[in-house]
């Protein structure tokens, strides 16, 4: 396309205003002289992508003489239209920063300085460390004598900053080494989103996409400060608002999001389930639900087995010793054929609808108000406005982020929003959905590629020792339905797992050897290998070394004083980074004598975003290519090159010397050199022999056209089935597409099917089959996502191409759930089939007004001498602390603190508090205060603001304060991490830490030491 | 054709893309700042911050909180008092094509107090090293290359708009009608006098002491044109106490 949105005036021949100046005469000379020499004139322009939030804003990088001279937004990018927030706007400064790491640095054990080394020296030594440690500690069998083939003493952490291609080679390397302590930012950011959304709808991703928010009639932003941490959300929220939509913000503090919302409702942190439980009660009692949708598309009519019960905060099946439920107690009631029994009249007392009604009948306004601190009037204001979307012609969307995930009930917070949306019929439609605003730039992609101990790429559970053969494993994880109308897409899992193994081990993977299944490390069942446990085991001496790429755990993990001490205990660590941060330089942190720290540190300088090519997947699952604009600064290299070289060097050592269980390494089909384009093809996958798909012939070595063509017989490879179809023989690399054309129907709802590519198979609105009735007619013809016309679907790519439900061959719309229905009752999560309110691990209350069960009975509690919890209603720590992000810094701030204009705008640690609390404590705005918990303290500048209000909770006043989590000591005078105060408590499903609520006290600092 | 900005503060999320984008395009160095109990930083315009998002928070009698954002910058007055106050030829020029009011390096020879005092919006700043007086120049380099000023380019929310003056005035008038339905006190700030037209939802002073020119209202346009200006900013300040 030649006509783009790059210029603000339509180009009409001689477009440059300079040519017309002569007509005016006035001041011509001086102005021309002043404006002469546009700095980007003649510069090379390259498309890249902002490396911060999951909006994934495309950028234009201008380069002259091999140097970046400007970075600005790409006007053709449909989400931003060329805009950038403060972070994106500062990308030039970040790329050319003198603070960048440009040489490999080595820190010898006990040394007080970095030494410059060359790459070869570093890589040789790194490979040696890895191999020696692996040979020493490799575990072929576990205590039970089962084959496990794993390495426990070495970890890998990071990163959501890597591209999908880098993630793919990284994952392959980590598993080849046998590493099980394997985790990245997704754990601490959005890990609950996957099991929560998957339990509701089948997939664990944002259901819609940023542009789609413009179609909403009601926008409930809860557990998110979208305007600050995902700024482009508001471009589309404001569009909806201009059309008449109402934006509601329910959040502990009044933020920049609240400022632009129609109204803000403050809520005590950690009480979202109470709030939404009240909404469920309201919907059911006032009959606000979309009856046809609920009956036909959800499991409301399913019957639950007799073993299910709920009493005083506890579901049936609980084992108090193990702190675990036996989930079989929650199973559906099935008939003799194995089909779930249903009662479409909702008369049966054990149908989901009635169980749900009974469960949430306890969530009355008085109790909800007393727990949440929200007035009854405000509760009703939100309930009324939002539930008005429970009609076919209205759409409501829920926007959330870390405010929901980072709790001991993180998964159930999100699950409950899923219940609301199912009842209102808001899933699958334009302007609806649950818009999980994923965190980091590629955290969607790196979650898909599973830089997480518990998954293999494409959401297959990592095998445990209980499944010794591929057959056993696939049997355990491949769901079966007896209902012919249910697609049960996960029934295809064997095809994706075998294709993955074929990609990993190439010709060495054969049917006879289970495609190399025994080379994949096996976890012990029930053992948690995530962040909190990694650091606990490191603290206790069980982990000796590791790899940490683009991750800053010594700033960002809770109970940080312990984490930093744990890191000191490592013998060696390999770190890849763009800048120094609290993790790279932990050995010289304030108050520590470097001589006492024995860790050998290898610090590898990383290329930055505009210096490399590859793809990222934004929150809306848009798989987008970014191009390399310049060579990496100094000697820095992209991480893909680093991973590939580390793996190949270790491989060479094994080839030469032998060692512990070398097969996963020596038998790997692994690239000799990292090339993003080649990896993108490997991710998509190839045919390993000549194959016919339909009437089209594919030769061995050609790209698989899409995941429906993947096979479980070894004839296909794919490093990640979700992305299969994104790189085809017919169209090439679809992530590079820039086509903005739309049909009128697509234009009406802001769909850009030709821009980049979205998994799965370019579907932009997930579950869109639920936006139509049983005959394929859209519930809301004004905002059609798909429609059945002349015997086929038009609009978005249908989520399951089968005919409408009422026709022959018709299927249920939720193709990823076993029974084809979305799940109001979710029997698969650790802590219950219905979300239930429990207090945070640290709470100002002494009684939970909902039940005798104070806390989530299954929450993960880390135990060590440094992990301490305040008692319920602890008078020493009466104030609730919540932590959060802000526009100007990203996550731990390890990058953005190196941007001069960002640090200028947000220079120092602060604590936001109400004027009432400030007065009680004798604190004035701008005073430095000390915030303290049972675990540690931090200094911060008091920001006394009416934007924070005291809460009335259970009849008494509860104060809440809020602090950002982006500051750290490695930038002098900006303060140090808030996480020295937070708790090591995890959600039982994913062990995401409870960053969002803990108990503190504060006072004016006697001596300012950190700021 | 003269250009204008329309700055719709009811769409501003204070993401500060404009503030940072301006610095980046102009390669302006950061100034050292401290957290003083507000998100507004740097505290004020300075020789290296020509665009600044101002934050102000308010709570009404019913406990309803408002947080106002004001992306401050030079207004590029149609009849620029600073230009009229100028005594050095070529120091302050106005581009007829765009209407941009531009401070050239010759401002180093101006009396800063006079130029500063002439501005009803408290915009000009003195670079102590070069002695030049500086402010926003409408990114006239970009505009002449048919590109948007960087602050406008950076704004994704639709708060910062730029184009032909007639179009911007229409956009502003239309938007005002919409906004007034929800916020009866909504108004445009000096739309007839400036090329940077702010829309605010409440009394301008609640956004920023110099959001509107109060001084010039006391003078007739004729008096101003006759050069009978006084240091208007000081006047305005005096009036506000």
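Among the residues of the stretch A:515-526 satisfying the criterion of being in a loop (DSSP other than H, G, I, E, B) and in contact with a helix residue (DSSP H, G or I) (Cβ under 8 Å, 6 or more places away or on another chain), which is farthest from residue A:546 (Cα to Cα)? Explain how you work it out, then say what you get.
Quick first cut of the stretch A:515-526, residues in a loop (DSSP other than H, G, I, E, B) only: A:520-522, A:524-526.
Next cut, in contact with a helix residue (DSSP H, G or I) (Cβ under 8 Å, 6 or more places away or on another chain) only: A:520-521.
Details: A:520: 19, A:521: 17 Å.
Among them, the one singled out is A:520.
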(message) Tell me the residue from A:472, A:512 that is without any contact (Cβ under 8 Å) to a residue 24 or more places away in the chain and either closer than 25 Å to residue A:989 by Cα or in contact with a helix residue (DSSP H, G or I) (Cβ under 6 Å, 6 or more places away or on another chain) (or both), please.
(response) A:472
(request) Mind telling me which of the residues A:254, A:234 ends up being within 11 Å of chain B (Cβ to nearest Cβ), within 23 Å of residue A:840 (Cα to Cα) and modelled with pLDDT of 95 or more? (result) A:254
(message) Can you tell me which condition residue B:99 does not meet? The list is (1) within 9 Å of chain A (Cβ to nearest Cβ); (2) assigned to a loop (DSSP other than H, G, I, E, B); (3) modelled with pLDDT of 95 or more; (4) within 26 Å of residue B:168 (Cβ to Cβ), and all the others hold.
(response) (1)
(request) Collect the residues in the stretch B:10-27 that are within 9 Å of chain A (Cβ to nearest Cβ), within 18 Å of the chain's Cα centre (by Cα) and assigned to a loop (DSSP other than H, G, I, E, B), keeping them in residue-number order. (result) B:12, B:13, B:14, B:15, B:16
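So how many residues does the stretch A:962-995 have that are under 26 Å from residue A:414 (Cβ atoms), part of a loop (DSSP other than H, G, I, E, B) and touching a helix residue (DSSP H, G or I) at 6+ places or on another chain (Cβ under 6 Å)? Spell out how you get there, then give the answer.
Just the residues of the stretch A:962-995 that are under 26 Å from residue A:414 (Cβ atoms), to begin with: A:962-966, A:978-979, A:981-995.
The next check asks that each one be part of a loop (DSSP other than H, G, I, E, B); those that pass are A:965-966, A:981-984, A:987-992, A:994-995.
Remaining after also requiring touching a helix residue (DSSP H, G or I) at 6+ places or on another chain (Cβ under 6 Å): A:965, A:984, A:987, A:989, A:991-992.
Result for the stretch A:962-995: 6.
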(request) Would you mind stating whether residue B:143 is more than 8 Å from chain A (Cβ to nearest Cβ), modelled with pLDDT of 95 or more and over 14 Å from the mean Cα position of the chain (by Cα)? (result) no
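Run down A:72, A:45, A:32 and say which single residue is at pLDDT 95 or above and touching a helix residue (DSSP H, G or I) at 6+ places or on another chain (Cβ under 7 Å).
On the way: A:45 fails: touching a helix residue (DSSP H, G or I) at 6+ places or on another chain (Cβ under 7 Å); A:32 fails: at pLDDT 95 or above.
From the options A:72, A:45, A:32, the qualifying one is A:72.
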(request) Considering each of A:716, A:691 in turn, give the residue that is more than 28 Å from the chain's Cα centre (by Cα), touching a residue at least 12 places away in the same chain (Cβ under 8 Å) and surrounded by fewer than 24 Cβ atoms within 10 Å (Cβ to Cβ). (result) A:691
(message) Just the residues that are at the interface with chain B (Cβ under 8 Å from one of its Cβ atoms) and either touching a strand residue (DSSP E or B) at 6+ places or on another chain (Cβ under 7 Å) or more than 30 Å from residue B:95 (Cβ to Cβ) (or both), please, taken from the stretch A:33-56.
(response) A:34, A:39
(message) What are the pairs with Cβ atoms under 9 angstrom where one residue, in the stretch A:622-636, is at positive phi and the other, located anywhere, is part of a strand (DSSP E or B)? Sequence gap at least six, or different chains.
(response) A:634/A:605
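Would you confirm whether or not the stretch B:52-72 contains a residue that is over 30 Å from residue A:910 (Cβ atoms), more than 10 Å from chain A (Cβ to nearest Cβ) and either without any contact (Cβ under 8 Å) to a residue 60 or more places away in the chain or crowded, with 17+ Cβ neighbours inside 10 Å (or both)?
Step one: of the stretch B:52-72, the residues over 30 Å from residue A:910 (Cβ atoms) are none.
Checking the stretch B:52-72: not a single residue is over 30 Å from residue A:910 (Cβ atoms), more than 10 Å from chain A (Cβ to nearest Cβ) and either without any contact (Cβ under 8 Å) to a residue 60 or more places away in the chain or crowded, with 17+ Cβ neighbours inside 10 Å (or both).
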(request) Please verify whether the stretch B:79-91 includes one or more residues that are surrounded by fewer than 22 Cβ atoms within 10 Å (Cβ to Cβ), at the interface with chain A (Cβ under 9 Å from one of its Cβ atoms) and in a loop (DSSP other than H, G, I, E, B). (result) yes
(message) Residues to consider are B:197, B:115, B:123; find the one that is in a loop (DSSP other than H, G, I, E, B), in contact with a helix residue (DSSP H, G or I) (Cβ under 9 Å, 6 or more places away or on another chain) and more than 14 Å from chain A (Cβ to nearest Cβ).
(response) B:123
(message) Of the conditions (1) in contact (Cβ under 8 Å) with a residue 40 or more places away in the chain; (2) within 16 Å of the chain's Cα centre (by Cα), residue B:115 satisfies every one except a single condition; which number is it?
(response) (1)
(request) Provide a single number: the residues in the stretch A:691-728 that are modelled with pLDDT of 95 or more and in a loop (DSSP other than H, G, I, E, B). (result) 20
(request) Those residues that are assigned to a strand (DSSP E or B) and in contact (Cβ under 8 Å) with a residue 12 or more places away in the chain, I need them from the stretch A:790-807; list them, please. (result) A:793, A:794, A:795
(request) Filter the stretch A:371-392 for residues that are under 11 Å from residue A:282 (Cβ atoms) and touching a strand residue (DSSP E or B) at 6+ places or on another chain (Cβ under 7 Å) and give the result. (result) A:382, A:386
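Tell me whether the stretch B:162-185 contains one or more residues that are within 24 Å of residue A:34 (Cβ to Cβ), crowded, with 23+ Cβ neighbours inside 10 Å and at pLDDT 95 or above. Steps first, answer last, please.
Quick first cut of the stretch B:162-185, residues within 24 Å of residue A:34 (Cβ to Cβ) only: B:162-165, B:168.
Next, from what is left, pick out any that are crowded, with 23+ Cβ neighbours inside 10 Å: B:162.
With the extra rule that they be at pLDDT 95 or above, the set shrinks to B:162.
Yes, the stretch B:162-185 contains at least one residue that is within 24 Å of residue A:34 (Cβ to Cβ), crowded, with 23+ Cβ neighbours inside 10 Å and at pLDDT 95 or above.
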(message) Criterion first (in contact with a strand residue (DSSP E or B) (Cβ under 9 Å, 6 or more places away or on another chain), surrounded by 22 or more Cβ atoms within 10 Å (Cβ to Cβ), within 14 Å of chain B (Cβ to nearest Cβ) and outside any strand (DSSP E or B)) does residue A:904 satisfy it?
(response) yes
(message) Looking at the stretch A:861-872, can you tell me whether even one residue there is outside any loop (DSSP other than H, G, I, E, B) and away from chain B (no Cβ under 14 Å)?
(response) yes
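Could you list, in sequence order, the residues of the stretch B:33-47 that are over 15 Å from the mean Cα position of the chain (by Cα) and either within 10 Å of chain A (Cβ to nearest Cβ) or crowded, with 22+ Cβ neighbours inside 10 Å (or both)? Before you say what the answer is, go through the steps one by one.
First pass over the stretch B:33-47, keeping only residues over 15 Å from the mean Cα position of the chain (by Cα): B:33-43.
Within the stretch B:33-47, B:33, B:34, B:35, B:36, B:37, B:38, B:39, B:40, B:41, B:42 meet the criteria.
May I ask you to say which residue of A:198, A:259, A:240 is outside any loop (DSSP other than H, G, I, E, B) and touching a helix residue (DSSP H, G or I) at 6+ places or on another chain (Cβ under 7 Å)?
On the way: A:198 fails: touching a helix residue (DSSP H, G or I) at 6+ places or on another chain (Cβ under 7 Å); A:259 fails: touching a helix residue (DSSP H, G or I) at 6+ places or on another chain (Cβ under 7 Å).
After applying the criteria, what remains is A:240.
Sort through A:72, A:45, A:41, A:116 and tell me the only one that's surrounded by 24 or more Cβ atoms within 10 Å (Cβ to Cβ) and free of Cβ contacts under 8 Å to residues at least 60 places away in the same chain. Steps first, please.
Working: A:45 fails: surrounded by 24 or more Cβ atoms within 10 Å (Cβ to Cβ); A:41 fails: surrounded by 24 or more Cβ atoms within 10 Å (Cβ to Cβ); A:116 fails: surrounded by 24 or more Cβ atoms within 10 Å (Cβ to Cβ).
Just a single option satisfies the conditions, and that option is A:72.
Can you pull out the helices (runs of 4 or more DSSP H) entirely within the stretch A:75-155 that have at least 3 residues that are within 14 Å of another protein chain (Cβ to nearest Cβ) and at pLDDT 95 or above?
On the way: elements: A:86-89, A:91-95, A:119-137.
The helices (runs of 4 or more DSSP H) meeting that bar are A:86-89, A:91-95.
Scan the helices (runs of 4 or more DSSP H) fully inside the stretch A:362-428 and keep the ones with 2 or more residues being over 22 Å from residue A:352 (Cα atoms).
On the way: elements: A:365-372, A:376-387, A:402-405, A:410-423.
Because the criterion is at least 2 residues that are over 22 Å from residue A:352 (Cα atoms), the helices (runs of 4 or more DSSP H) in the stretch A:362-428 that meet it are A:365-372, A:376-387, A:402-405.
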(message) Exactly one condition in (1) closer than 30 Å to residue A:553 by Cβ; (2) in contact with a strand residue (DSSP E or B) (Cβ under 8 Å, 6 or more places away or on another chain) is false for residue A:504; which is it?
(response) (2)
(request) Identify the residue in the stretch A:924-939 that is surrounded by fewer than 22 Cβ atoms within 10 Å (Cβ to Cβ) and in a loop (DSSP other than H, G, I, E, B) and, among all such residues, is farthest from the other protein chains (Cβ to nearest Cβ). (result) A:934
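The values are calculated or read from the model by the stated rules, or taken from the named source; none is laboratory data. Computed from a predicted structure; not experimentally measured. Virtual Cβ from ideal backbone geometry, glycine too; neighbours counted across all protein chains shown.
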